[in-house]
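Presented below is the structure to which this report refers.
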């Protein structure tokens, strides 16, 4: 065996290295060592991001094609580790609190394992490896959701999460077993793509596709596989919620694209076009309709993220390099916008324990900077120009309409109408903070330094990503290098 | 030609605007003032060098065989809409742009200097200088535009700076409404301008002036004879473009903003509303002159509008009390004079006329001399207002003893505008009248009458300010001449007004670059001079010492005087049209539609969304078994959807 193949797995190895380092420090160092645990992890992830970005990818496909490390997957991993960095910074204060005294190492280790899993999900080109990635990204999350062990809601959320996760894995595996049967005994993406191109359309493949979509839909919380989302988001510690809402989703969306476009692209119009169509419309609409009536900020963000997932998956419908690029850009913008919002929510929850939308009334009087950041995050999520969210929406819409299909124009139209609905509830938060005449319920406080850094980075991202950043071009080049004929339509 | 100087000419004022605009609050008045004056002084020097190089260097870029050429110093692509429609930004040197560079920077520099004294005690002094710089930048960009779209961009920028400066005293409601009025009226006119530009460029596929004007026949044929409502589309385009000029140059019926614009600081009135911005319309017509020449209908339109406006404004100026209003109407009248002069010009020889482009040359000549003496008059008015703290001549009278410098310079200005030899106005006006008589005796006679009226109202103003009867208030508050910063520009401009007539203007500025030797048309000169002298004598009789003759004249036909004093009710007509017809009938019905149809539809959609949201809330039961059932049903439904689509 050629061990140099492990060189291609640099991102995973780095994450594994960080994991081991955290483990060792956590086990053997005293109180002083434990103090630097979070900052150390944050800094290391940041360095890892840079390393993944600049070290050239060696070897396209390794281990017989099970694993691929190209520029596109590396770019995606960078986006995820930036998100990871922001989440760890935001979690710092909560991790340092007394409740967490003996378990802060565990928190970081579990988090790192899920990141490792996500990296595998992105790079896997064989369903077995993919399942391993998926599970190691899912199962530790159940433990993380239950991390507030003195809180009843946290347990309930964890149980709901694990039950649904198990169920969805079962469905997914069942689907994959049908795929295995269809492809004549191979789980390699390439083989499956080949057999899908050559083979006859059959009921077997149909069910398989539906089940695979349902299984991935769970991770992405697409409707109707999203029902766990609100309860879990509400019960989980806020930092974990933030993590769930952006990173899990981002990795799953990328995998969704690769699986459906690379493996099943040939049967797009035969088999899964209308499935995805229905799921996207349902996701965007139902997410919006529920988000409208939420009073709890975490539940609110849960439904908002359901709806955002619908927009992310729109990129799959474009099915070409443009779609993948705009999807990755959307995810990146979504990472900064959503984490910006979660930073505000979690710092307010940590300091005052307040989590209801009415608690935000008159926030600008006591905490003008937090209100400002939250407003920008809401504007970006709603897609108001000139913030990043506007550009990411525009790009994803144009990538979908560039295929020229009438049905997809209608899909974009539905998405646009839903943007208007989403404006309503995002602005509800803004209204509560700035316009509501009630006396402010949250007293004035100072956020911790880590939180400030994380929030400032998010705000910078929201303001500059769309207007003056080369990020879209970087991503586009990365995608183009990985898929040289990326502009050609894969889907027929 | 090296592009450094032209770029600096544009870059210095905008840099000054940014420096003073951003850093102004941190500077003392002195620093800001000196910076502004130095910046403008440097720009003026550079502009003089460029203009001098253009006219006198003999460089083959600029002149070949005695014919002056149009030269684009640079012209870079700025916005490419289509393969053909490309907006460039550039710097065009030709006789009129070089002349305008001199006029703008000279007056602007003098106004900068003058304002140092005039605005000394006003709050927002630094902001004022920033706006002046912005205006200078915009105006310079306008005159050197290589294409009509660049001109349009800077056209709007001068509009904005004019708006900012008229409303400079933003705590005065009258200044605020005047600035809004100026902006809205000119914007309406500019809408026509833009449409005209789009029509013209749609057919000709170019914005560039040289492309448009070098071959006007091609422009004429490019439309392929298309017509709209009885007139050819080219006529429409050129008339619409002229509409923009009508707005900026305050031609009837879009003149209403200019008198109100006098609410701005007086130096601003001198710079923007007398010497530079308001002649932009004339400049525009001169720029597009060859194209206008092939569209006879548009030329006739220009002549008619100009002739009516000139007469109207001259009549109104006879019945104003506010000295700045008199000057404002005088400006309108004089600009209209230039318009008529351009309107009667030809680009091809006509029988019996020795030089067909005379009207063009004369119009540009008058633009130059008028800029100088009108700025002088406005700055003189500023000195007067500075001394007596009122805009009305009723608060003045007998000031010649108290303010000798202002008196003499103002007198020179009046003589120049009245067209008395050897002051500059005589020469330019004589050429214009000669061109008009050459075209048709009617234009000549009509405009000679306007010239007589001009002499009359200017000397009426002069006598009422400096003679008539000494105002009793002077005992408490003795008026005196202004400080040196203000007197110096007055003296300089007075000198220019004395000698500018002797500039061999025809050698420098003609429409086709071929020099023309000016000679005085004796019959025309004699007529206009005698008309002017008679008018001045009449004014002397009526206003030199206090008497009841003016009251008698006024009572002879009081309704006429009242109507002229109220500017023939144009503002009232606009008020009626806007408030009663547009707001009352059109807007109200649109508002009804908006409220009861559009809003109601939106409310209905919101209601539907709300009901939908309410009806599906049962899905989120909190029961994990139910979630899993939904999950499974969803997966089955997905397969079902595809199944249905396939079958």
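Give the relative contact order (percent, whole number) for segment B:75-209; include only Cα pairs under 8 Å separated by 6+ residues.
It rounds to 26 percent for segment B:75-209.
With the contact rule set at Cα under 8 Å and sequence spacing of 6 or more, what percent relative contact order holds for segment B:1-108?
Details: 101 pairs, mean separation 29.7, N = 108.
For segment B:1-108, the relative contact order is 27 percent.
By count of other Cβ within 10 Å, fewest leading, how are B:481, A:350 ordered? Show your work: numbers first, answer last.
Details: B:481 17, A:350 20.
Ordered by Cβ neighbours within 10 Å, fewest first: B:481, A:350.
Only counting other Cβ atoms within 10 Å, I'd like B:287, B:29 sorted with the fewest neighbours first.
The most exposed by this proxy come first: B:29, B:287.
Let me have the relative contact order for chain A, percent, based on Cα pairs under 8 Å that are six or more residues apart.
On the way: 798 pairs, mean separation 76.1, N = 492.
15 percent.
When the Cα centres of segment B:117-178 and segment A:43-92 are compared, how far apart do they sit, in Å?
Spelled out, the Cα-based centre of one part sits 54 Å from the other.
Ranked highest first by average number of other Cβ atoms within 10 Å, how do A:363-376, B:545-558 line up?
Those peptides, ordered most packed to least, come out A:363-376, B:545-558.
Given axes a ≥ b ≥ c from the Cα gyration tensor, I'd like to know whether segment B:580-647 is rounded (a/c under 1.5), prolate (a/b larger than b/c) or oblate.
The shape class here is oblate.
Say each of residue A:6 and residue B:598 gets a label point 7 Å from the Cα, pointing the same way as Cα to Cβ; how far apart are those two points in nm?
Going by the 7 Å Cα→Cβ label model, 6.7 nm.
In whole angstrom, how far apart do the alpha carbon centroids of segment B:6-20 and segment B:522-590 sit?
42
Over the whole of B:602-608, what's the average partner chain Cβ count within 10 Å per residue? Rounded to a whole number, please.
1
Where in segment A:76-109 does the amide nitrogen come within less than 17 Å of the point 7 Å from the Cα of residue A:54, taken along Cα to Cβ?
A:78-79, A:82
Which of the three applies to segment A:1-144, rounded, prolate or oblate, going by the alpha-carbon gyration tensor with a ≥ b ≥ c and a/c under 1.5 meaning rounded?
In terms of gyration-tensor shape, prolate.
Which angle from 0 to 90°, rounded to the nearest 10, does the C-alpha axis of helix B:233-248 make with the longest principal axis of chain B?
70
What ranking do B:273-284, B:383-394 get when scored by the average of other Cβ atoms within 10 Å per residue, highest first?
Most protected by this proxy first, the peptides run B:273-284, B:383-394.
Calculate the length of the line joining the C-alpha centroid of segment B:289-362 to that of segment A:290-309, in whole Å.
What the calculation gives is 68 Å, centre to centre.
In peptide A:170-177, what is the residue-averaged number of other protein chain Cβ atoms found within 10 Å of each Cβ?
Going residue by residue through A:170-177 and averaging, the value is 1.
Under the rule of -39500 (n - 2.57) per DSSP H run of 4 or more residues, summed and divided by the residues of chain B, what mean residue ellipticity at 222 nm is obtained, to the nearest 500 deg cm²/dmol?
On the way: 28 runs with 434 residues, N = 647.
After summing the helix terms and dividing by residue count, I get -22000 deg cm²/dmol.
When ranked by the protection proxy of mean other Cβ atoms within 10 Å per residue, highest first, what sequence do the peptides A:398-408, B:399-409, A:233-243, B:232-242 form?
Packing order, densest peptide first, comes out as A:233-243, B:232-242, B:399-409, A:398-408.
Put a dot 7 Å past each Cα toward the Cβ at residue B:2 and residue B:321; how far apart are the dots in nm?
In this crude label model, residue B:321 to residue B:2 measures out at 5.8 nm.
Work out the mean other chain Cβ neighbour count within 10 Å for the residues of A:286-293 and drop it here as an integer.
Per-residue shielding by partner chains comes out at 4.
I want to check the label-to-label distance for residue A:435 and residue A:20. Put each point 7 Å from Cα in the C-beta direction and report it in nm to one decimal.
Distance between label points: 5.7 nm.
Going by a ≥ b ≥ c, the root eigenvalues of the Cα gyration tensor, does the protein assembly as shown fall in the rounded group (a/c under 1.5), the prolate group (a/b larger than b/c) or the oblate group?
It is prolate, given that a/c is not under 1.5 and a/b is the larger ratio.
Tell me the angle of helix B:404-418 to the major Cα principal axis of chain B, expressed in degrees between 0 and 90 and rounded to the nearest ten.
Taking the Cα atoms of chain B, the angle to B:404-418 is about 80 degrees.
What's the FRET efficiency of residue B:587 with residue B:633 using the Cβ-Cβ distance as r and R₀ = 56 Å, to the nearest 0.05? It would help to have the intermediate numbers written out before the result.
Numbers: r = 55 Å, r/R0 = 0.98.
The pair residue B:587/residue B:633 has a calculated efficiency of 0.55.
Taking the Cβ of each residue in B:607, A:431 as the centre, tally the other Cβ atoms inside 10 Å and list the residues starting with the fewest. Don't skip to the answer; put the middle values down first.
On the way: B:607 10, A:431 15.
Ranked by crowding around the Cβ, least crowded first: B:607, A:431.
Using only Cα atoms, tell me the angle between helix A:71-96 and the longest principal axis of chain A; keep it within 0 to 90° and round to the nearest 10.
In chain A, helix A:71-96 runs at an angle near 20 degrees to the longest axis.
Only the coordinates and a few stated rules stand behind these numbers; no lab work does. What you see is a predicted model, and the numbers here were worked out from it, not measured in a lab. Quick reminder, even Gly has a Cβ in these numbers, built from the backbone with ideal geometry, and neighbours come from all protein chains shown.
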